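One structure is given here, and the rest of the page talks about it.
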Amino acid sequence: NNNNNNNNNDKNTDSGNDNSSGVKFDKRLRERYFGQFNGESDSHYQDVWDEDCIDPNHTKYDVESVNSVVRRTTELILDIEQSISTTTTTTTTRSSGTCT
């Protein structure tokens with residue numbers, strides 16, 4: 001269901017300073033939402049990744065689509081680029097799954 005996925009994405013656009021060091025945390029950089037598999041065994045990841053290889057826009061199992069992840073993280077990077085001038089920025093991510 002795409003509506004649940006969109007509602008989940010809306011919750012992830014909040015950002016702010018979460019500590020006194022000035023480090024900013026932004027929920028747009030959070031892990032992908034795995035729908036009905038969220039919080040379940042990692043054994044279901046491959047089922048989702050297999051579908052990703054067929055269609056990066058799929059939301060089968062109520063997961064966040066690959067392209068949705070790309071959009072929100074790209075938006076974050078663009079926002080960072082617009083807000084910095086001489087500031088040093090470090091962004092960390094990780095990726096899992098491959099298409100064969």
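The values are calculated or read from the model by the stated rules, or taken from the named source; none is laboratory data. Since the structure is predicted, the reported quantities are computational estimates derived from the model, not experimental observations. We place every Cβ from the backbone using ideal geometry, glycine too, and count neighbours over all the protein chains shown.
Structure data summary
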{"item": "Residue tally, condition of a type in the set (D, E) and touching a Cys at 6+ places or on another chain (Cβ under 8 Å), over the stretch 35-79", "result": "1"}
{"item": "Residue list for the stretch 10-37, restricted to those being within 15 Å of the chain's Cα centre (by Cα), surrounded by 15 or more Cβ atoms within 10 Å (Cβ to Cβ), modelled with pLDDT of 90 or more and at negative phi", "result": "R28, R32, Y33, F34"}
{"item": "Residue among E81, E64, E40 that alone is modelled with pLDDT of 95 or more and closer than 27 Å to F25 by Cα", "result": "E64"}
{"item": "Members of the stretch 47-86 found to be of a type in the set (V, I, T), surrounded by 14 or more Cβ atoms within 10 Å (Cβ to Cβ) and within 12 Å of the chain's Cα centre (by Cα), listed by number", "result": "V63, V66, V69, T73"}
{"item": "Selection status of N2, under 27 Å from T98 (Cβ atoms), surrounded by 14 or more Cβ atoms within 10 Å (Cβ to Cβ) and at pLDDT below 90", "result": "no"}
